[in-house]
Amino acid sequence: MNNGLGEPQRVVLLGGTSDIGLAIVRALCSPALRRIDLACRDTAAGERAAADLRADHPAVEVEVVGFDGAQPETHQTALDDLGRTGDLDVVIVAFAQLGEDGGVRDAAAAARLATVNFAGNVSAIIAAGNVLRRQGHGTVVVLSSVAGERVRQANPVYGGSKAGIDGFAQGYGDAVAADGVHVLVVRPGFVHSAMTAGRQPAPFATTPDRVAAATVAALRAGRRMVWAPGVLRYVFSALRHLPAPVWRKLPIN
């Protein structure tokens, strides 16, 4: 359970090799933190990330467990197993795939992307929420994206899946609030990370550390949503109302 300062004792990262997810974990490190669980498909990469965390925070226990976002049928068992070893204070849902070429030509590839980014995230959020509801406390941090606020023609499958998970997370947060579970939706813009390497940065591009700082500040304030950087909230309040012919011609598309 979080201490009196709102600092967690245990953090679980689903998508344990995510640059943004790991930055949030690091930003949550405090003297109160006792354990970090990195749940990921590539456990070898997870162990490398765990080694760095152990070196920087020797008083914190860091464990790596197998977790595959593309296999929703395994998620509840995975979260239940984590819950058996102690309460989960913060669960960060940070796994996603960007896809190639917009995903509009290969139907099977588009379906696989949507399974991970939407169905897999829905499953993971509910599985985590079920554990937190039994505890009577805890927070789920959901990494959404501004790409879902108005879906671009450049990558409609990714953007569409993010729009779906963003809406789901907001509604789910309302559904579980009475059970003591808090859901924070994080909407980053373009983030310089391994997933976006080699891609042209969008305006207001940011870094994992800046997203993490905004996320932790939002957690401590008890907010339900945070934009990173904050200016994008105002940018997209205008962009979402642009007529379609104008939207299609913008260079960000």
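The values are calculated or read from the model by the stated rules, or taken from the named source; none is laboratory data. Values in this document were obtained by computation on a predicted structure and should not be read as measured data. Note that we place each Cβ from the backbone using ideal geometry, even for glycine, and neighbour counts take in every protein chain shown. Accessible surface areas use protein heavy atoms only, side chains included; no ligands, DNA or RNA. Shrake-Rupley method; radii C 1.70, N 1.55, O 1.52, S 1.80 Å.
With the structure loaded, tell me whether Val183 is among the β-branched types (Val, Ile, Thr), surrounded by 13 or more Cβ atoms within 10 Å (Cβ to Cβ) and touching a Phe, Trp or Tyr at 6+ places or on another chain (Cβ under 7 Å) or whether it fails that test. It is true that Val183 is among the β-branched types (Val, Ile, Thr), surrounded by 13 or more Cβ atoms within 10 Å (Cβ to Cβ) and touching a Phe, Trp or Tyr at 6+ places or on another chain (Cβ under 7 Å).
Filtering segment 211-237 down to residues that are in a helix (DSSP H, G or I) and open to solvent by 80 Å² or more (accessible area, probe 1.4 Å), which residue is nearest to Gln170 (Cα to Cα)?
To start, the set of residues in segment 211-237 that are in a helix (DSSP H, G or I) comprises 211-221, 231-237.
Adding the requirement that they be open to solvent by 80 Å² or more (accessible area, probe 1.4 Å) leaves 220, 233-234.
Details: Arg220: 18, Arg233: 16, Tyr234: 19 Å.
Result: Arg233.
Collect the residues in segment 1-52 that are assigned to a helix (DSSP H, G or I), small (Gly, Ala, Ser), surrounded by fewer than 24 Cβ atoms within 10 Å (Cβ to Cβ) and touching a residue at least 60 places away in the same chain (Cβ under 8 Å), keeping them in residue-number order. Ala23, Ala27, listed by residue number. Kindly provide the set of residues from segment 172-206 that are within 24 Å of Val231 (Cα to Cα) and without any contact (Cβ under 8 Å) to a residue 12 or more places away in the chain, ordered by number. If the condition is that a residue be within 24 Å of Val231 (Cα to Cα) and without any contact (Cβ under 8 Å) to a residue 12 or more places away in the chain, then Ala197, Arg199, Gln200, Pro201 are the ones that fit. Screening Asn117 on (1) in contact with a Phe, Trp or Tyr (Cβ under 8 Å, 6 or more places away or on another chain); (2) in a helix (DSSP H, G or I); (3) modelled with pLDDT under 95 shows it passes everything except condition (3). For segment 163-173, indicate whether the set of residues that are among the β-branched types (Val, Ile, Thr) and surrounded by fewer than 19 Cβ atoms within 10 Å (Cβ to Cβ) is non-empty. No, the conditions are met nowhere in segment 163-173. Residues of segment 194-210 that are more than 14 Å from the chain's Cα centre (by Cα) and either of a type outside the set (D, E, K, R) or open to solvent by less than 80 Å² (accessible area, probe 1.4 Å) (or both): Ala194, Thr196, Ala197, Gly198, Gln200, Pro201, Ala202, Pro203, Phe204, Ala205, Thr206, Thr207. Is it the case that some residue within segment 80-96 is surrounded by 15 or more Cβ atoms within 10 Å (Cβ to Cβ), part of a loop (DSSP other than H, G, I, E, B), in contact (Cβ under 8 Å) with a residue 12 or more places away in the chain and of a type in the set (Asp, Glu)? Checked segment 80-96: at least one residue is surrounded by 15 or more Cβ atoms within 10 Å (Cβ to Cβ), part of a loop (DSSP other than H, G, I, E, B), in contact (Cβ under 8 Å) with a residue 12 or more places away in the chain and of a type in the set (Asp, Glu). In segment 178-210, the residue that is modelled with the highest pLDDT out of those that are of a type in the set (Val, Ile, Thr) and assigned to a loop (DSSP other than H, G, I, E, B) is Thr207. Here Arg240, Arg233 are screened, and the one residue that is modelled with pLDDT under 95, in contact with a Phe, Trp or Tyr (Cβ under 6 Å, 6 or more places away or on another chain) and charged (D, E, K, R) is Arg233. Would you say Val146 is over 24 Å from Val231 (Cβ atoms), of a type outside the set (Gly, Ala, Ser) and open to solvent by less than 40 Å² (accessible area, probe 1.4 Å)? Answer is no for this residue.
Against the test of being modelled with pLDDT of 95 or more and more than 22 Å from Gln97 (Cα to Cα), the options Ala124, Ala175 yield a single qualifying residue, Ala175.
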